[in-house]
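The values are calculated or read from the model by the stated rules, or taken from the named source; none is laboratory data. Note that the coordinates shown come from a computational prediction; the quantities given were computed from them, not determined experimentally. Quick reminder, even Gly has a Cβ in these numbers, built from the backbone with ideal geometry, and neighbours come from all protein chains shown.
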Amino acid sequence: MYKANMKRLFVIIQPLQYLQALELFREDEDRYLIALWSNSKSQLNQLIDSSHWKEILWIEESGTALDVIRKRKEINSFLSNIGEVDEVVVSAFYNELMNATANYYSRASKLLLEDGVANLVLDANHHYRKLKFKVKYQLCRLFGYDIRPISGVTIFTIFPPDSDKIPSIANNVLVNNFEKLRSDLELDSKDETVYFINSAFINAGMIHKEKYIKFLSVVARIYSQNKLKIILHRFDDIDDYRSIQLLENVEVIESDGPIELYFKNRNLMPFKVVTAGSGATETLRLIYDCDIEVCLPDFSLFMPESRDEMRVLTDHFKSSFQVRVIKERDYD
């Protein structure tokens, strides 16, 4: 429940979540920000407009339990200066600094920003049951921090409340239509280029580099009559993709910001978008109302420990998109 002159604290780690946060802004509120992974060269840093915030705490680290302990003086000083808040907005469920901040304000309401496809597997994840977390929890307790996971939250998501995409930790659902972002679009150009939105499967160790590059070669062959621009994930290493750039119709583009802003910043209405199961798949369709297809390697091509996650991901997209699954036999 919103009220006049609210005091809200946001803890954000990814550029996409910053765009979501912008959709939540109200004129009659005081906003405070803890920005994680926010060195001067980060995409998040480049998005942040300091004039939108009453005060910002910049933390270059990602927010692990050890980061909480190492940065405790800065964190304690920042939270003490803020005083009580009405709401804490966090952008990741598996982040100890965000948990510590949310639990610090026990009486404040909690809102969880959508974390792409990661939210789809929240209910099946056993992260907080593992011994490693229990050790970190006890360690942080010694320094006065409670890093237990948040619960009873409102989730800010593009999915409707009656969908099967809402994790059980959510008591309420606030639907994000990206209304502010869409109202600011001025798109006037369109060509026959196919834009492939990459997922950082190689960097995450989910698939061998050679298998994934062969998969991209098949994608390039499917769209051989078009220019194929492969837009890398911000965690991708462009050196992993040098060989695919040798194909005549392929251009590999390094990430320079949230993919949700790529077409807006170029005043471009995309002709066709293909994603490798990117968490931006639904948001791109919502924002640009464009033709989107999902193209994925078969789950058997992934590392054994990643196959269940890829099954969930593939089934999720099949319910809403045309999904093309590339099998190993297609590599020939």
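Report, by residue number, each residue of region 1-60 that is of a type in the set (Ser, Thr, Tyr) and buried (at least 16 other Cβ atoms within 10 Å of the Cβ). Step through it out loud before you land on a result.
First pass over region 1-60, keeping only residues of a type in the set (Ser, Thr, Tyr): 2, 18, 32, 38, 40, 42, 50-51.
TYR18, TYR32, SER38, SER42, listed by residue number.
For the list (1) in contact (Cβ under 8 Å) with a residue 60 or more places away in the chain; (2) touching a Leu at 6+ places or on another chain (Cβ under 7 Å); (3) within 18 Å of PHE143 (Cβ to Cβ); (4) among the aliphatic types (A, V, I, L, M), I need the number of the one condition that LEU19 fails.
Of the numbered conditions (1) in contact (Cβ under 8 Å) with a residue 60 or more places away in the chain; (2) touching a Leu at 6+ places or on another chain (Cβ under 7 Å); (3) within 18 Å of PHE143 (Cβ to Cβ); (4) among the aliphatic types (A, V, I, L, M), the odd one out for LEU19 is (3).
Could we say that GLY83 is at positive phi and over 19 Å from the mean Cα position of the chain (by Cα) here? Spell out the reasoning first.
Numbers: at positive phi: yes; over 19 Å from the mean Cα position of the chain (by Cα): yes.
Yes; evaluated as a whole, the condition is true for this residue.
Matching residues to (1) within 20 Å of ASN226 (Cβ to Cβ); (2) assigned by TED's automatic domain parsing to the domain that holds ILE222; (3) in a loop (DSSP other than H, G, I, E, B):
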site	(1), (2), (3)
ASP240	no, yes, no
VAL252	yes, yes, no
LYS264	no, yes, no
PRO270	yes, yes, yes
GLY277	no, yes, yes
ILE287	no, yes, no
SER320	no, yes, yes
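For region 183-195, check the following and say yes or no: at least one residue is assigned by TED's automatic domain parsing to the domain that holds HIS126, surrounded by 19 or more Cβ atoms within 10 Å (Cβ to Cβ) and at pLDDT 95 or above.
So far as region 183-195 goes, no, none of its residues is assigned by TED's automatic domain parsing to the domain that holds HIS126, surrounded by 19 or more Cβ atoms within 10 Å (Cβ to Cβ) and at pLDDT 95 or above.
If you scan region 161-204, which residues turn out to be free of Cβ contacts under 8 Å to residues at least 40 places away in the same chain, in a loop (DSSP other than H, G, I, E, B), under 17 Å from the mean Cα position of the chain (by Cα) and closer than 24 Å to SER320 by Cα?
Once the filter is applied, which keeps residues that are free of Cβ contacts under 8 Å to residues at least 40 places away in the same chain, in a loop (DSSP other than H, G, I, E, B), under 17 Å from the mean Cα position of the chain (by Cα) and closer than 24 Å to SER320 by Cα, region 161-204 yields ILE166, ALA200.
Quick check on region 16-38: of everything there that is under 17 Å from the mean Cα position of the chain (by Cα) and of a type in the set (Phe, Trp, Tyr), which residue is nearest to LEU284 (Cα to Cα)?
Among those that are under 17 Å from the mean Cα position of the chain (by Cα) and of a type in the set (Phe, Trp, Tyr), it is TYR18.
How many residues, within region 72-111, are touching a residue at least 24 places away in the same chain (Cβ under 8 Å), over 27 Å from PRO167 (Cβ atoms) and basic (Lys, Arg)?
Count: 1.
So LEU122 clears everything in (1) under 20 Å from the mean Cα position of the chain (by Cα); (2) surrounded by fewer than 18 Cβ atoms within 10 Å (Cβ to Cβ); (3) over 20 Å from LEU24 (Cβ atoms); (4) of a type in the set (A, V, I, L, M) except one condition, right? Which one?
(2)
Out of (1) in a helix (DSSP H, G or I); (2) more than 30 Å from GLU186 (Cβ to Cβ); (3) not β-branched (Val, Ile, Thr), the odd one out for ARG324 is which?
All conditions are met except number (1).
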